[in-house]
Every structure is written in C-alpha cells, then in structure tokens.
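Inspection log for the structure reproduced underneath, given as structure tokens.
Bear in mind these aren't lab numbers, they're just calculated from the coordinates by the rules spelled out. Here the structure is a predicted model, which means the values were calculated and not measured. In this analysis, Cβ positions are derived from the backbone assuming ideal geometry, glycine residues included, and neighbour counts consider all displayed protein chains.
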Amino acid sequence: MEGVVGLTWADHSVLVTGAGGFIGSWLTRRLVDEGADVVALVADLDARSEFVRGGLDRRVTVVPGVLEDPAAVARAIVGHEVDTVFHLGAQTIVGAAQRDPVATFEANIRGTYLLLDACRQAADLVTRVVIASSDKAYGTVGELPYTEDTRLDGRAPYEVSKTCTDLLAQSYAAGYGVPVAVARCGNVYGGGDLNWSRIVPGTIRSLVRGEAPIIRSDGTFVRDYLHVDDVVDAYLALAAWLEGDAPGAATDGIAFNFSDESPRTVVEIYDAVCAAFGQRVEPRVLDRAVGEIHDQFLDSGRARAVLGWKAAVELPVGMARTVEWYSALLATP
C-alpha cells in the first residue's frame, strides 16, 4: 500500500475488540508482528480460529469479557494504559440479527457506546480510535456506489445497528473530542471466517466435503468483496492518519469507505472460489435471502485521496490464499 506512513507500533499499547474473530485475528497478528503490545478483549475462544491456531492467544494480553460489560472494557483500557483502540467487536451476521435483533443491538449499539464512553473517560490515555463499520450502515439507497456523503439510513436490524454505530462515533467525536474515525467496508473474505453461512467459507467447506455448495440468495445480489489483508491495511492506515494528519477532521468522526471498486454478483464470487479450488460443482440455489439489500457497493475515492490506500490483493490471488487456509483447517481432524 502506498500513501500514509505507518506508525511505529512498538511504541504503542493497543486494544483490539473482537480480536478472536475473523478480521480481528489478522489485525492482531499484524500489530504483534510489528511490535505492538496488544490487549485483546475476548468473550469466547474458538480453537479453530486464526487467533488460537496461530498462537496469538499466547502473544497478547487476553482480557476475558464482553463489550456490554463496562467494567471489562474499562479494565482493558485503563488497566493496560491503552493509547490506540481498534473496535471490531460486534455481532456480524445479517441472518442472526434478523432472528434476534435485541442481542445484535446489545452487542453492536450498547457495546459501541460503552467502548466510546470508556475512551472518553480515559482521554489522557486514548489518542486514536478506529471503528470498524460496514456498507450496511447506508441502508438501501437509490444511487450507487455509496460515497461517505450518502445518508445513513439502515432499516433492517443489522443495518440499524451499523447506522447507530457510526452515529455514536460522530456524537462522541463532536461532543467530547474523542479522536475517532470510522471504516466502512463491504464483504470481507479470507482465511479465518468461521461463519459457514457466508458464500466463501461455506462453498469451500462443501467442496472439501464433496457436497453441493449452497447459495442462499438467487445469486444475483451484488457486493464489494475485499480480501482481509486489504482491510487490515485500511485499518492501520486510518490509525496512522489519526496519529499524524488528522487533528481537525478527526473530531468529526469522519468515515472512509474501503472497496476494490469491482462489485461482483454472488455467482461470480462462487465461480472464483471454484476456480481457486480447481473444481466447479453446480450449487443449490435456495433463493431465500431475508433482510438483505440486493445491491451494495462503495466508492473509495476519499481513502485514495486522503490515506493513499488502494486495494492490493486481486481476487484470484486472494481466493487462492483463502482456499489454502481452509483446506489446512478442514484437513485437521
């Protein structure tokens, strides 16, 4: 990635919420490899996760707890004198939000304002906060691609939780000067995503098992698909910008879209997975997507202009890495 000069992470104590999850594991690995003292707020550890399989649980300070517990959040920040926060902890499954909206609101909305308030109270420690958000915060709009000026208008439970996340970040920035910025990404793929209902890991698992993969929608839904390495680069670039060039803009809780700006249908992604796997099997198309927006994709002009960020992992390369990771996982008894 060209553009923003990265931080020297060896000088920093960093809290990663959701460190045991898909994206959080890879972000944590990068931070640890670059010398940061990482504090991981973790509710549950999954032995199959990259966080455990990669030994990250032994290289960081693990604080057991959930975002909805203000004491755990405060203990993680104050007890370890954290200066940088990456807030990735969330309930991230659209279907789960549809089935149980209250649990999603608790994790994504209450968890976010408690995290932000802990940062407010520790203003002498915390100098930068990156909030991981989503294209779902925009809801359904008539004009695509979304820019950062597109109205935040989530309606379905998961969308609402992300809209609220972003508005809370803006509120704490404007009202209390919390140095926060928001990262909005589309669909993220790569090794380590254990949510098997998603098209990439679900397809790979079915192919490994010799089963017909399932497409939950009708296959025509359009999304951005960004490799997890590009997302980690994006988060780190945003933190570096908050450190250096952002003193005025940061108080607005400014948001950045991150996309490779090559939107694809579900069927196109399915075909890319099969190509990386070396075998194409006719999928079972269920046409049962509920509570999901049909077409969503992002404009990343602000990230290019301000951060110097640009997606670097091309789809065939990213899918090859992804298939390799899952093949190793699924080959393990």
Next item on the list: Evaluate the charge dipole of the chain about its Cα centre and quote only its size in Debye, nearest 20, assuming +1 on the Cβ of each Lys and Arg and -1 on the Cβ of each Asp and Glu.
Entry: 760 debye
Next item on the list: Hey, can you grab everything whose amide H is under 5 Å from the amide H of Val222? Only 5+ residues off in sequence or another chain; H modelled, so Pro and N-termini drop out.
Entry: Asp295, Gln296
Next item on the list: With a/c under 1.5 counting as rounded, go ahead and sort region 68-182 into rounded, prolate or oblate using the C-alpha gyration tensor (a ≥ b ≥ c being the square roots of the eigenvalues; past the cut-off, prolate if a/b is larger than b/c, else oblate).
Entry: oblate
Next item on the list: Using packing as a proxy for protection, rank 52-59, 158-165 so that the peptide with the highest average count of other Cβ atoms within 10 Å comes first.
Entry: 158-165, 52-59
Notebook entry, point to check: How much FRET efficiency would the formula 1/(1 + (r/R0)^6) give for Glu211 and Tyr176, where r is the Cβ-Cβ distance and R0 is 56 Å, rounded to 0.05?
Noted result: 0.60
Check: So what J values fall out for region 88-102 if you push phi through Karplus, 6.51 cos²θ - 1.76 cosθ + 1.60 with θ = phi - 60°, rounded to Hz, Gly and Pro as x?
Finding: 10, x, 5, 8, 10, 9, 4, x, 5, 5, 5, 7, 9, x, 4
Checklist line | Nearest-ten-degree value, helix 157-176 long axis tilted from longest Cα axis of the chain | finding: 20 degrees
Check: Given H placed 1.01 Å from N in the peptide plane, which residues other than close sequence neighbours of Tyr189 have an amide H under 5 Å from its amide H?
Finding: Leu226, His227, Val228
Next item on the list: Indicate the gyration tensor shape class of region 1-90 (rounded, prolate or oblate), computed on the Cα atoms with a ≥ b ≥ c the square roots of the eigenvalues: a/c under 1.5 is rounded; otherwise a/b larger than b/c is prolate and the rest oblate.
Entry: oblate
Item checked: Rounded Å value of the spacing that divides the Cα centres of region 189-236 and region 259-312 -> 9 Å
Next item on the list: With a ≥ b ≥ c taken as the square roots of the eigenvalues of the C-alpha gyration tensor of region 276-333, please select rounded if a/c is under 1.5 and otherwise prolate if a/b is larger than b/c or oblate if it is not?
Entry: oblate
Note to self: What do you get for the angle between helix 22-33 and the principal long axis of the chain? Use alpha-carbon atoms, 0 to 90 degrees, nearest ten.
What the structure shows: 50 degrees
